[in-house]
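Read the structure below first, then the notes.
Any read-out appearing in this document is the output of simple, stated calculations on the displayed coordinates, not a laboratory observation. Everything numeric in this text was worked out from a predicted model, so none of it was measured. Positions of Cβ are generated from backbone atoms using ideal geometry, with glycine treated the same way; all protein chains shown enter the neighbour counts.
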Amino acid sequence: MSLLSVDRLSTKYSTAAGTVRAVDDVSLEIGEGETVALVGESGCGKSTLGKSLTRLVTPSSGTVTFKGRDVSAMSSRELQSIRRNIQMIFQDPFASLNPRQTIRTILTAPLAVHGIGDAKRRNAIAASMVEHVGLPADALDRYPHEFSGGQRQRIGIARAHPSAGARHLRRTGFGARPVDPGTDPQSPRRDEDRALALLSVHLARSFGRALFR
């Protein structure tokens, strides 16, 4: 049985010039442990598809089913529970982190929203995830501007993992990440990463970049 199933999903935007079909009749299925790469040029609808899967935008038609539950028809309250299980790693590591918050706050806030542990437990999870993505322990009490683009992307990965528990969708920001697989924030602990993630969806502009994943 598929963990994530997308059936004839379409997302349209209304503009002054008319209706834009950002995503048109997309279907796919992803099983547990699978990684799927969606490849296409800029403007083809990859980001809109990712947002539709997580209900950051509401699809115009079609269904998104996660573990047998129809995400596309969920209420706001139901979405909060499902978002503990589905998280996005955003492309831009500069815009996706609050510059006024420490990394500790950035990592523990989603845990608090989803009612995961007490403050001590949340801090322990944050420390564990910082270590998991290869950042020093003192990173927790620093601010985003103190890190490079690649390091910020690691922080985004750390933020997605604990609150999602396991499943995530990546809008991969290749320009901000190291290109050497030995220093890639998503590859040095790939086996551990897969243990945390039941499935992954990667959005990329070329097959070469998708294969690198």
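Suppose R0 equals 30 Å. What FRET efficiency, 1/(1 + (r/R0)^6) with r the Cβ-Cβ distance, do Asp92 and Asp70 give to the nearest 0.05? Mind showing how you got there, number by number?
On the way: r = 30 Å, r/R0 = 1.01.
Taking R0 as 30 Å, the efficiency between Asp92 and Asp70 is 0.50.
Go through region 29-34 residue by residue and turn each phi into a ³J(HN,Hα) via Karplus (6.51, -1.76, 1.60, θ = phi - 60°); whole Hz please, and just put x for glycine and proline.
Each residue of region 29-34 in turn: 9, 10, x, 4, x, 8 Hz.
Highest mean first, how do 115-125, 4-14 rank when packing is the count of other Cβ atoms within 10 Å averaged over residues?
Per-residue mean Cβ counts within 10 Å order the peptides as 4-14, 115-125.
For Leu56 and Ser81, FRET efficiency with R0 = 22 Å and r from the beta-carbon atoms, rounded to 0.05?
Taking R0 as 22 Å, the efficiency between Ser81 and Leu56 is 0.90.
Taking every pair of distinct Cα atoms and averaging 1/r, then inverting, what Kirkwood hydrodynamic radius in Å comes out for region 54-126?
14.3 Å
Suppose each label sits 7 Å from its Cα in the direction of the beta carbon; what would the Tyr13-Val113 distance come out to in nanometres?
Here the modelled spin labels are 2.2 nm apart.
Whole-Hz ³J(HN,Hα) for each residue in region 64-73, computed from phi via Karplus 6.51 cos²θ - 1.76 cosθ + 1.60 with θ = phi - 60°, x for glycine and proline: what do you get?
Coupling constants for region 64-73: 10, 10, 10, 6, x, 9, 7, 5, 5, 10 Hz.
If I take all pairs of Cα atoms in region 1-131, what percentage of them are more than 20 Å from each other?
56 percent
So which GluC sites (Glu not before Pro) in region 1-51 end up in coil per DSSP with only 11 or fewer other C-beta atoms within 10 Å?
On the way: sites: Glu29, Glu32, Glu34, Glu41; in loops: Glu32, Glu34, Glu41.
Taking region 1-51 and a limit of 11 other Cβ atoms within 10 Å, the loop GluC sites (Glu not before Pro) found are Glu41.
Can you run phi through the Karplus equation (6.51, -1.76, 1.60; θ = phi - 60°) for region 20-27 and list ³J(HN,Hα) in whole Hz, with x for Gly and Pro?
Couplings: 9, 8, 6, 10, 10, 6, 9, 10 Hz.
Out of residues 5 or more away from Thr102 or on other chains, whose amide H comes under 5 Å of its own, with H placed 1.01 Å from N in the peptide plane?
The answer is none.
Nearest 0.05, what FRET efficiency do Val39 and His145 give at R0 = 25 Å with Cβ-Cβ as r? Can you show the working numbers first?
Details: r = 33 Å, r/R0 = 1.31.
That pair, Val39 with His145, gives E of 0.15.
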